[in-house]
Amino acid sequence: MRSAIPTVRAERLCPQAIFVAPDFASYRAVSRNVMEIFKRHTGLIEPLSLDEAYLDVTENKTGLPTATLVARTIRDQIRRELDLTASAGVAPKKFLAELASDWRKPDGLFVIRPEDIDAFLLPLPVGRLPGVGKVGEKPGKLKVETVTDLRGVDLPALEHCFGTYGRRLHELAHGIDDSEVVPDRPTQSISVEDTFEQDVLLAETEPMIQSLAEKLWAASRQESRIARTVVLKMKTSEFKVLTRSHTPSFLPARVRS
């Protein structure tokens, strides 16, 4: 799996490509329609983005006997009502369901049954585990290539190399994930960004930063929480990322009459 690359870089790599401007208003409208289909089957929905969510269908509203049948029904309803394809992963653990949902994209359904966890998990490259990245390539860290290799490393060694994250690696390698589907999870961060057609001099970025700040402020008004830290991220023409953050020593007061 690879993350998306910036449009500017894609254009440099493939100058003959045709780029279509995004339409986020339409995306959000379609996302709401998809979520309404989800709600027919369960109230335990944890959205991750406009086009992805976890669903707990242990006890589903429609009385379907298996999670696989629920997933198949949801995909059929999305196709019939919205004329869209959807991929789904069914598994007894959240991180396994995430892996399964990517397994047969696009428009696929993949099921990992409890008795099949090891057969699916152990041969995987360790980088396929959610949040792990290229663990085996980091200098000074343990050299592990597959989940089988990772499972062979004891917990103290993992904690020595990776700190508190070592326990998470140990659990993932053993198919352990006790996290639950959490509806209405509080927003942890709000971000806005822009990619420019041409490189911009640092001295000329102030009005662009001001515009982004206004968009961010407008987006933050839709949340009931107050942000504590502001982070500015900038990527250079060499694709080097520079970040600066600021957390004020006071919080603004909220007064209600």
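The values are calculated or read from the model by the stated rules, or taken from the named source; none is laboratory data. Quantities reported herein were computed from a predicted structural model and do not represent experimental measurements. All Cβ positions, glycine included, derive from the backbone under ideal geometry; neighbour counts span all protein chains shown.
So here's what we get for this one:
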| item | result |
| --- | --- |
| Positions within segment 73-96 being polar (S, T, N, Q) and assigned to a helix (DSSP H, G or I), in sequence order | THR73, GLN77 |
| Extreme residue, modelled with the lowest pLDDT, among residues of segment 163-213 that are small (Gly, Ala, Ser) and over 25 Å from LYS240 (Cα atoms) | GLY163 |
| Helices (runs of 4 or more DSSP H) enclosed by segment 144-201 - at least 1 residues per element that are without any contact (Cβ under 8 Å) to a residue 12 or more places away in the chain and either hydrophobic (A, V, I, L, M, F, W, C) or not assigned by TED's automatic domain parsing to the domain that holds LEU212 (or both) | 155-162, 165-173 |
| Condition check for THR85: closer than 17 Å to PRO106 by Cα and within 20 Å of the chain's Cα centre (by Cα) | yes |
| Residue count for segment 72-98, restricted to those that are in contact with a Ser or Thr (Cβ under 6 Å, 6 or more places away or on another chain) and in contact (Cβ under 8 Å) with a residue 40 or more places away in the chain | 1 |
| Top-ranked residue in segment 112-128 [being surrounded by 18 or more Cβ atoms within 10 Å (Cβ to Cβ) and outside any loop (DSSP other than H, G, I, E, B); ranked as modelled with the lowest pLDDT] | VAL126 |
| Test: residue in segment 19-27 that is charged (D, E, K, R) and surrounded by fewer than 12 Cβ atoms within 10 Å (Cβ to Cβ) | yes |
| Any hit, segment 59-72, residues being of a type in the set (Asp, Glu) and either in a helix (DSSP H, G or I) or surrounded by fewer than 14 Cβ atoms within 10 Å (Cβ to Cβ) (or both) | yes |
| Pick from segment 22-55, criterion of a type outside the set (A, V, I, L, M) and in contact with a strand residue (DSSP E or B) (Cβ under 9 Å, 6 or more places away or on another chain), ranking: farthest from VAL90 (Cα to Cα) | SER31 |
| Of all residues making up segment 31-58, the number that are surrounded by fewer than 13 Cβ atoms within 10 Å (Cβ to Cβ) and among the hydroxyl-bearing types (Ser, Thr, Tyr) | 2 |
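Here's the yes/no breakdown for (1) basic (Lys, Arg); (2) farther than 30 Å from LYS235 by Cβ:
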| residue | (1), (2) |
| --- | --- |
| ALA21 | no, no |
| ASN33 | no, yes |
| ARG40 | yes, yes |
| LEU48 | no, no |
| ALA71 | no, yes |
| SER101 | no, no |
